[in-house]
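The values are calculated or read from the model by the stated rules, or taken from the named source; none is laboratory data. Bear in mind that the values here come from a model prediction, so they are computed numbers and not experimental data. When we count neighbours, we look across all protein chains shown, and the Cβ atoms used for this are built from the backbone with ideal geometry, even at glycine. Surface areas here come from the heavy atoms of the whole protein model, side chains and all, with no ligands, DNA or RNA. Shrake-Rupley method; radii C 1.70, N 1.55, O 1.52, S 1.80 Å.
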Amino acid sequence: MESPIEPDDRVRAFGNQLIGVHLWLREELARLREDVDSHLDGHSERPRELRAHCLTFCSALSRHHEGEDEGAFPVLAERFPELRPVLDELRHDHQVVADILRRLEELIGGVDAADPAEAGRVRAELDGLSALLESHFVYEEKRIVEALNGLDVPGWSGSVPPFLSTTADGEPSG
């Protein structure tokens with residue numbers, strides 16, 4: 001038998017939802033890396049499809065970080081001032097990630113079926129991005145999930161805030 005859902009259970013779940021979004025982003029990045037590897041091996045992913053997949057991932061990750069910077073982090077800073085240094089570090093990471101995404105978008109535009117070196121450069125950027133994101137996500141989850149779970153933000157209850165979205169149109173998957 002299911003236990004009844006308390007009215008504030010949804011509110012306490014924002015941090016848990018953040019972890020879910022991070023898991024989704026990790027999976028998408030792993031798929032993208034597999035696609036690049038397959039392309040390098042000459043087995044799959046025409047350059048156009050590979051570019052589309054990369055740009056979709058870059059867009060989702062950018063939207064997630066912008067949503068945190070513009071929505072979640074200001075609310076957390078106001079309600080939990082002791083988290084401000086952590087939030088500043090996370091914002092800095094977001095800028096570094098944005099720089100990598102810009103390089104990736106430039107590189108992916110040059111991926112050609114006849115030039116595996118271009119795909120190799122894309123793969124190297126993805127490797128760096130993967131390492132950075134893993135440490136970023138782990139740090140963020142350790143430092144802010146509990147605070148997010150404690151938030152009651154009426155504007156977030158009616159619709160999914162952008163930092164918790166996992167689709168191209170900003171809506172939750174599912």
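Working with all protein chains in place, sort 107, 40 by solvent-accessible area computed with a 1.4 Å probe, largest first.
40, 107
Just to verify a number: FRET efficiency for residue 117 and residue 16, C-beta to C-beta distance, R0 = 35 Å, to 0.05?
0.25
Students sometimes get this wrong: rank 75, 111 by accessible area, probe 1.4 Å, all chains present, largest first.
The residues order as 75, 111, largest area first.
For the range 52-95, go through all pairs of different Cα atoms, get the mean of 1/r, take its inverse, and jot down that Kirkwood value in Å.
11.1 Å
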